[in-house]
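Derivation of every value follows stated rules applied to the coordinates shown; laboratory data play no part. Predicted model, so just to flag it, every value in this text is computed and none were measured.
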Ligand code: ASP
């Protein structure tokens, strides 16, 4: 007991716990694991029909380079004894600033030709969480999610109110057209054409057409375990191309797009948001570990390979358990992903 108390006081002195004091719970559970010095980080840049035959060597190396740049930022933070929350936020910020991914700068377009961004973050130690939905002017929504977690009494804020809060917190604000990229705009026009035809032919709600939904994915996310045994996860997205304006997906929903609990695991999801919300993907994986004693791999397979496809959805997750085991599980043709362990070993994957 004295050892645990001493190690907690040590962490507070040297890693500035005070600065990130939870504003949501006055009595956080402090599920701090025994300090292990074991740390690891895993990221994704979206799942979908990512096929080698559709990829140029230039495009492939651009994705790999950005994934590596992003994960190395988080790795260095963890290696230097920083928090998993910092690693998650900073790593996601790099991906948000890249036009390659469907988050931040590279966000996809809504049917109203706007970009509406969602993000969330969760602290596995305290179970505090922050999320923002449908913002159009906040450059890095993951920073807003963290500010909501740490600087407000709320878990989730949306739209104009969330944007005003971001301004008050001194976060970088941009004009909505900062998020314009030709590639994403053209993707919207192509999808609109296809969907119009589909709707006329089948009279179905086009958003759910399985043949074209795959070109809509590309969210980013990160899960990390730090040297102090604390898990964290975060997710950021522009949503799905041609979504109705005002639509919110799973990425900012705690328990669906993001979940972290020091007793089990940290998870970030990517895929067809409507199904990920209904399957409560991220929390379900944690719950299978907590209540059924499944390993992280078994829990992730149960949810991603059985539960989500049975409902009709697809996508994937990245996750880390409390011992640092990492899992990237997806039921699509590919998922941009990378891992780094405490030995500094890097692994990058795109296809199955
Ligand atoms: N899950 C995201 C959403 O539905 C999309 C994605 O992961 O690419 O908004």
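Return the Rg/Rh ratio of the range 293-351 with Cα-based radii and a Kirkwood Rh.
On the way: Rg = 12.4 Å, Rh = 12.3 Å.
Checking Rg against Rh, the ratio lands at 1.01.
Using the Kirkwood radius over Cα pairs, work out the Stokes-Einstein diffusion coefficient for the range 40-351 at 25 °C and 0.890 mPa s, in µm²/s as a whole number. All intermediate terms of the calculation are to be shown ahead of the outcome.
On the way: Rh = 18.7 Å.
Rounded, D is 131 µm²/s.
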*Give me the log10 of I(q) over I(0) for the range 35-108 at q = 0.14 Å⁻¹, as the Debye formula computes it from C-alpha points; what are the numbers?*
-0.50
_Centroid-to-centroid separation of the range 140-200 and the range 246-264 [C-alpha atoms, Å]_ = 17
*Using alpha carbons only: equivalent-ellipsoid semi-axes of the range 204-352, gyration tensor based, whole Å*: 25, 16, 14
